[in-house]
Amino acid sequence: MKRFILAIALLVPLLAFAQPKGVIATEQIEAVVTVTKVDTKARTVTVRGPRGNLQTLAVPPEAQNLDRVKPGDRFKLTYAEALVIALNKGGGKPAVSVDRTVQVAPKGGKPGGFVVRTYSASGVVDAIDYKNRYVSLRGPKGNVVALPVSADVQDFDKLAVGDTVVIAYAEALAVEMVPVEKPKEAPKKKG
């Protein structure tokens with residue numbers, strides 16, 4: 001778990017450093033969930049969240065202790081994401097890249113670990129709506145998408161058709177097994 005916290009702590013500054021004039025949005029959520037189903041062939045685990053919702057999670061192929069996970073087990077999940085949007089002047093070709101880091105528990109250890117995925121994409125500005133703060137981007141496959149631009153993005157008024165816009169997105173999920181609490185016994189009545 002300490003490596004996950006380090007990965008998240010490094011994630012946002014690295015993304016920001018790589019994207020000058022960028023805006024960063026981050027979110028982190030923690031919850032204790034209970035395993036309801038394990039499918040070892042499909043490498044999935046279904047968990048029930050604190051509000052009763054069910055979610056099926058894919059287990060990375062690197063995870064070595066799936067055989068030790070059983071219905072009723074409890075895990076602390078920490079999910080974090082960061083988004084950086086930067087306006088880079090000039091040309092450049094649209095591109096997409098994906099990076100993935102996985103850290104799992106050693107074989108036979110307590111199940112857990114983390115996965116961090118980082119996506120980076122750039123697109124060429126095809127059209128701009130300054131009044132409504134929208135920009136149309138052409139991606140590496142020629143697809144065009146219209147995106148809203150936050151009021152936090154500086155120099156939006158200086159953006160021009162043909163400029164390159166870079167979007168970096170990272171998400172991280174850490175899983176740590178926690179002990180199952182035994183129900184407390186009600187005090188016995190005397191009498």
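The values are calculated or read from the model by the stated rules, or taken from the named source; none is laboratory data. These figures come from a predicted structure and were not determined experimentally. Glycine gets a Cβ as well: all are built from the backbone with ideal geometry, and neighbour counts include every protein chain shown.
Computed quantities for the displayed model
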{"read-out": "Among residues of region 62-81, those that are at pLDDT below 90 and among the aromatic types (F, W, Y), counted", "value": "1"}
{"read-out": "Any pair with Cβ under 6 angstrom, 6 or more apart, that starts in region 56-72 at a residue that is more than 14 Å from E176 (Cα to Cα) and ends at one that is of a type in the set (S, T, Y)", "value": "T56/T44; T56/T46; A58/T44; P71/T36"}
{"read-out": "Within region 117-148, considering residues that are among the basic types (K, R) and assigned to a strand (DSSP E or B), the one nearest to R100 (Cα to Cα)", "value": "R117"}
{"read-out": "Any hit, region 82-97, residues being at pLDDT below 85 and under 30 Å from M177 (Cβ atoms)", "value": "yes"}
{"read-out": "Test result for L14, at pLDDT 70 or above and not β-branched (V, I, T)", "value": "no"}
{"read-out": "Members of region 119-161 that are surrounded by 15 or more Cβ atoms within 10 Å (Cβ to Cβ) and of a type in the set (G, A, S)", "value": "S120, A121, S122, G123, S136, G139"}
{"read-out": "Which numbered condition F114 misses (of (1) part of a strand (DSSP E or B); (2) farther than 28 Å from A42 by Cβ)", "value": "(2)"}
